[in-house]
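Trainee: For reference, the structure I am asking about is given below.
The numbers here are math on the coordinates, done by the rules we state, and not lab data. All values reported here derive from a predicted model rather than from experimental measurement. Cβ coordinates were reconstructed from backbone atoms using ideal geometry, including for glycine residues, and neighbour counts include every protein chain displayed.
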Amino acid sequence: MNPLDTIATALVMIGGLNWGVVAARKKDLVTPLMGDRYGNPRRSRVIYALVGAAALYSVGRFALRSRQEPSPVDIQESIEVEVPLRTAYDQWTQFEEFPEFMEGVQEVRQLDDTHLHWVAEIGGVRREWDAEITEQHPDERVAWKSTDGAENAGVVTFHRLDDMHTLVTLQMSFHPRGPAEAIASALGAVRAQARGDLDRFKGFVESRGTATGGWRGGVEPSEKKKHKSKH
């Protein structure tokens, strides 16, 4: 935080605390500090003017930052599910059933083996985007990236712990768009939602005991495809 931001934050906090005391106890903290104990608030007006200027500065800085490109949010979460490895993997390949356990996801349409169309609500804003499965290996991993709309990419990996337990790990990079998504990301809402989605996936697949379906095909990453085509 630069010095101006620090000063502005301190002044806004002082002003907020003072006005809170005024509202609760009808007692002004600033006036006694300025020596105006007998109803002459002339000098204390300087402080109020500085608080107002600091508030305007802070609002302006926030507005400027919200118009700049937000930094990507990187997420990694894991959960242990009490089902065999194949069951956990097969259930995750049923993309159209994601709305059953993913909060905010309204619809996922599988256009073909490697392309999906998503409709979701992020930070209170409806978003639609297309995504491509970039790598898929049965019982090991599913990787994806968006091709338009909300910018995101990630991979889900599956690790056998024993015959009846599987570790599912989600790694994702999400690029907030607009103030609402930036604020949600800053408050940790995106990470909390990812964790909640894994918890709900656990409950969904464990309550059934078996997967609702499964796709056992594979998808090679584009780099490996290019390498093979040269030989």
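Trainee: P(r) for segment 73-227, please, calculated from all Cα pair distances in 5 Å bins and given in %.
Mentor: 2, 9, 17, 24, 21, 15, 8, 3, 0, 0
Trainee: Calculate the spin-label point distance for Glu82 paired with Ser222, positioning each point 7 Å from the Cα along the beta-carbon direction, and give it in nanometres.
Mentor: 4.3
Trainee: Still on this structure: Between Phe204 and Arg141, how many nm apart are label points set 7 Å from Cα along the C-beta direction?
Mentor: Modelled inter-label distance: 2.3 nm.
Trainee: Additional query: Pairs of Cα atoms under 8 Å, at least six residues apart: use those to get the relative contact order of segment 68-140, whole percent.
Mentor: It rounds to 20 percent for segment 68-140.
Trainee: Based only on other Cβ atoms within 10 Å, what is the fewest-to-most ordering of Val125, Val219, Val205, Val73?
Mentor: In order of increasing Cβ crowding within 10 Å: Val125, Val219, Val73, Val205.
Trainee: Around Trp215, under 13 Å between beta carbons, what's the net of Lys plus Arg minus Asp minus Glu among the other residues?
Mentor: Result for the neighbourhood of Trp215: -4.
Trainee: What does the charge count near Gly203 come to, summing +1 for each Lys or Arg and -1 for each Asp or Glu among other residues with Cβ under 14 Å from its Cβ?
Mentor: Summing Lys and Arg as +1 and Asp and Glu as -1 gives -4.
Trainee: Would you please give the FRET efficiency between Leu167 and Asp113, computed as 1/(1 + (r/R0)^6) with r the Cβ-Cβ distance and R0 = 25 Å, to the nearest 0.05?
Mentor: Rounded to the nearest 0.05, the efficiency is 0.45.
Trainee: A further question on this structure: If I stretch the segment between Glu97 and Ala189 completely, what's the gain in nm (0.36 nm per residue apart, minus their alpha carbon distance), one decimal?
Mentor: 30.9 nm
Trainee: What ³J(HN,Hα) values, in whole Hz, does the Karplus curve 6.51 cos²θ - 1.76 cosθ + 1.60 give for segment 87-99 when θ = phi - 60°, with x put for Gly and Pro?
Mentor: Once θ is set to phi - 60°, the couplings for segment 87-99 become 5, 4, 5, 4, 5, 5, 6, 8, 4, 5, 9, 4, x Hz.
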